[in-house]
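All of the numbers you see were taken from the coordinates with simple rules; none came from a lab. Please read these numbers as outputs of a predicted model, since none were measured by experiment. Cβ atoms come from the backbone with ideal geometry, glycine included; neighbour counts cover every protein chain shown.
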Amino acid sequence: MLATVFFARLSTGIQFQSIAAVAPVMVPDLHLSFAQLGWLIGLFSLPGIVVAFPGGAAGQRLGERWAAMVGLSLMAIGAVVIALAPTFLMAMVGRIMSGIGGIIVNLAFSKMIAGWFAGKEMATAMGVMLTAWPVGMGLALLTLGSLAETHSWRIGIGASALAAVVALVSIVAIYRDPARPADATSDLTTARSSRLSRAELTAAVMAGLAWTALNASLFVFVSFAPGVLVVAGYSVARAGLIVSIALWMTLVSMPVGGYLADRTKRNDQMVAGGAIAMAACMIAFIWLPAPAVWCLIGGIVVGAAPGPAMSLLPRAVSQERLSSALGVYYSVFYAGAAILQPLAGFFLDLSGWPAAPILVAAVVMAATVVPLMAFRAMSPRLLRGQ
């Protein structure tokens, strides 16, 4: 079941990265500004602000398997709409559809793994599942840019739709929900009857901001870094290959980072150290030679942070209110991820400097330590001494 979910979740990373992967060809064809490009990238996350809560409710009522099937279907249809889009507005409609589907899928997959690994190797299983996203992004950088350059950006986007269809088939054919105890109660009912305290709400927001700064800045980097290399004379395919090195390295570094954090009990240091080290690699990517080296090192060091960062909230909030807290957490994340992409594109339009979004990403990545420190300032009773 873990392998099936991992394989299917690759499609979400592929589809998120699809716009950025074909951007060098798509932008002139649709006459897009870089701010508009940023919006297309960010719209994959923006619907999460309003979809996260009802998406979780749908999974609770329909079952995670059916929710995943609905989400993957929306992803495929949305990608087809983008591939056929003659204008920016139609591409936006398709991207919103894809984003809604992707949000439902991510919520469903998280619940799938939680259900199958309850009382077992939960952290390990979650770490494996998390790696599917950057691997999918790496696959998009390796393949879709080349398809766009040799054929058409529309073919590249169509390939991302095909990936969602293959994922859908795998869920239909292989995945089954775990058996539920006869006396199991609804998580949704529990969430509705358990109101977060002010301290828990603040903790959820701070943890969500830390997760947003860590991930959204990485999204900006892998979305705009290929364009920096293309301006420097690299082909689209070569640029995508170099930037994808960072994502491929996280396949190993993320599980290892989580393991080291568990062994050393230095979660905060792992999050802060990984974020600051990755920010330094982004700066080096801009001004120093050998971009492939900095992508390699960045992919290694950033892997120290996601596992311990993801564990912040579950260690702070009681289980009966964790669903509510995670709803706040993911709403913050999706809002931040959606806003940062067009903001990075805006600074590129404003300055005319291709590396401006990378500098924005470096600043936000380093700023992960600010909400992390605010989170740790919560009461020891709330955080249970963690």
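For the chain, the longest principal axis of the alpha carbon atoms and the long axis of helix 319-351 meet at an angle near 20°.
To the nearest 20 Debye, how big is the dipole of the chain about its Cα centre, given +1 on the beta carbon of each Lys and Arg and -1 on that of each Asp and Glu? Before the final figure, lay out each step's value.
Numbers: 21 positive and 12 negative charges, 169 e Å.
It works out to roughly 820 debye.
Would you mind calculating the relative contact order of the chain from Cα pairs under 8 angstrom and at least 6 residues apart, reporting the percent as a whole number? Display every interim value, and only then the final one.
Values: 701 pairs, mean separation 100.7, N = 386.
Across the chain, relative contact order equals 26 percent.
By average Cβ neighbour count within 10 Å, what is the ranking of 62-69, 35-42 from highest down? Display every interim value, and only then the final one.
Numbers: 62-69: 20.0, 35-42: 24.2.
Result, highest mean Cβ count within 10 Å first: 35-42, 62-69.
Packing-wise, with mean Cβ within 10 Å as the measure, how do 156-169, 83-96, 204-217 rank, highest first? If you can, show how the numbers build up before the last one.
Details: 156-169: 22.6, 83-96: 16.7, 204-217: 25.3.
Going from most to least packed, we get 204-217, 156-169, 83-96.
The slack in the chain from GLN269 to VAL169, taken as 0.36 nm per residue of separation less the alpha-carbon distance, amounts to 31.9 nm.
May I ask for the equivalent-ellipsoid semi-axes of the stretch 189-380, computed as the square root of five times each C-alpha gyration tensor eigenvalue and listed largest first in whole Å?
In descending order the semi-axes read 32, 18, 13 Å.
For helix 267-287, what angle does its Cα long axis make with the longest principal axis of the chain, in degrees from 0 to 90 and rounded to 10? Computed tilt is about 0 degrees. Calculate, for VAL293 and TRP353, the FRET efficiency according to 1/(1 + (r/R0)^6) with r their C-beta to C-beta distance and R0 22 Å; round to the nearest 0.05. In this case the efficiency is close to 0.50.
Once the Cα atoms of helix 236-264 and of the chain are each reduced to a long axis, what angle between those two axes, in degrees from 0 to 90 to the nearest 10, is obtained? That helix lies at roughly 20 degrees to the long axis.
With an 8 Å Cα cut-off and a minimum separation of 6 or more residues, compute the relative contact order for the stretch 1-175 in percent.
Numbers: 283 pairs, mean separation 74.1, N = 175.
Relative contact order of the stretch 1-175: 42 percent.
Taking 16 Å as the cut-off, the amide N atoms of the stretch 282-305 that come nearer than this to a point 7 Å along the Cα-to-beta-carbon line of TYR259 belong to 300-301, 303-305. FRET efficiency for the pair PHE88 and VAL363, taken as 1/(1 + (r/R0)^6) with r the Cβ-Cβ distance and R0 = 25 Å, rounds to 0.35. Here the gap between PHE7 and MET373, fully extended at 0.36 nm per residue and compared with their Cα-Cα distance, gives a gain of 128.2 nm.
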